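Written below as structure tokens is the structure these notes are about.
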Amino acid sequence: MKKDKEGQEVAVIESQAVMLTGDPQERLKQGQEAARVLMSVAQPVMIQGNQYLTIGDWQTIGSFYGLSAGADEAEPVVIDNISGFRAKAVVRTSDGTVVSSAIGYCMNEGTWMGREKFAQASMAQTRACSKALRMVVGWVARLGGYKDTPAEEMDF
């Protein structure tokens, strides 16, 4: 153990080389099959001429890999004098292993200006979940021809 500037103990881990896991051609083939199936059921939204997936579509891709996302309770926040909500989501495998996490915000601005607080809180959770899923399975969405930014993060 080593101590940082504040005197806190930190573990020192030597860097390790990144190595392939499995056959990349096989992984790509499986991803293309998942994308093909996704394209048969996805309900993307068009934004500025591009197709973006919504939370339901991200959950569908996650289900192909045994993944599910859940968010903590949304917390009120104020950033630069603008109020809103912040939520953290995690993506878990079927055995409970956390494989991704993300933070989502919904602030009282743009299309969310003046909306009910519960709706803003819910959107913060939705954004966190879709973003956390995107971080693990966004490559499948790209293979399907969709943008890998969740629709909920875009301005309509």
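Tabulated data
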read-out	value
Size-normalised alpha-carbon gyration radius of the stretch 70-126, reference 2.2 N^0.38 Å	1.25
Under-5 Å amide H pairs with Asn108, H placed in peptide plane, nonlocal only	Ser83, Gly84
Furthest towards positive pole of dipole, Ile79, Ser68, Trp112, structure part the stretch 65-148, Cβ charges	Ser68
Mean residue ellipticity (222 nm) of the chain, computed from DSSP H runs ≥ 4 via -39,500 (n - 2.57), nearest 500	-12000 deg cm²/dmol
Magnitude of the charge dipole, the stretch 42-156, Cβ model with Lys/Arg +1 and Asp/Glu -1, debye to 20	200 debye
Cα gyration tensor, the stretch 1-137 - rounded (a/c under 1.5), prolate or oblate	oblate
Helical segments meeting 15 Å axial Cα length and Kyte-Doolittle 0.0 threshold in the chain (DSSP H)	117-143
Trypsin sites (Lys or Arg not before Pro) restricted to the stretch 1-101 and DSSP loop, no more than 12 other C-beta within 10 Å	Lys5
Relative contact order (%) - criterion: Cα under 8 Å, at least six apart; region: the stretch 45-123	22 percent
Cα gyration tensor category, rounded, prolate or oblate, for the stretch 99-156 with a/c compared to 1.5	oblate
Protein-only accessible surface order, largest first, of Phe64, Phe85 at 1.4 Å	Phe64, Phe85
Per-residue SASA entry for Thr60, accessible area with 1.4 Å probe, Å² rounded to 10	40 Å²
Whether the stretch 1-80 is rounded, prolate or oblate, judged on the alpha carbon gyration tensor where a/c under 1.5 counts as rounded	oblate
Percentage relative contact order, the chain, counting C-alpha pairs under 8 Å, at least six apart	24 percent
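The values are calculated or read from the model by the stated rules, or taken from the named source; none is laboratory data. Since this is a predicted model, take the numbers as computed values, not measurements. Because the Cβ atoms are built from the backbone with ideal geometry, glycine has one as well, and the counts that use them run over all protein chains shown. Surface accessibility is based on the protein's heavy atoms, side chains included, excluding ligands, DNA and RNA. Shrake-Rupley method; radii C 1.70, N 1.55, O 1.52, S 1.80 Å.
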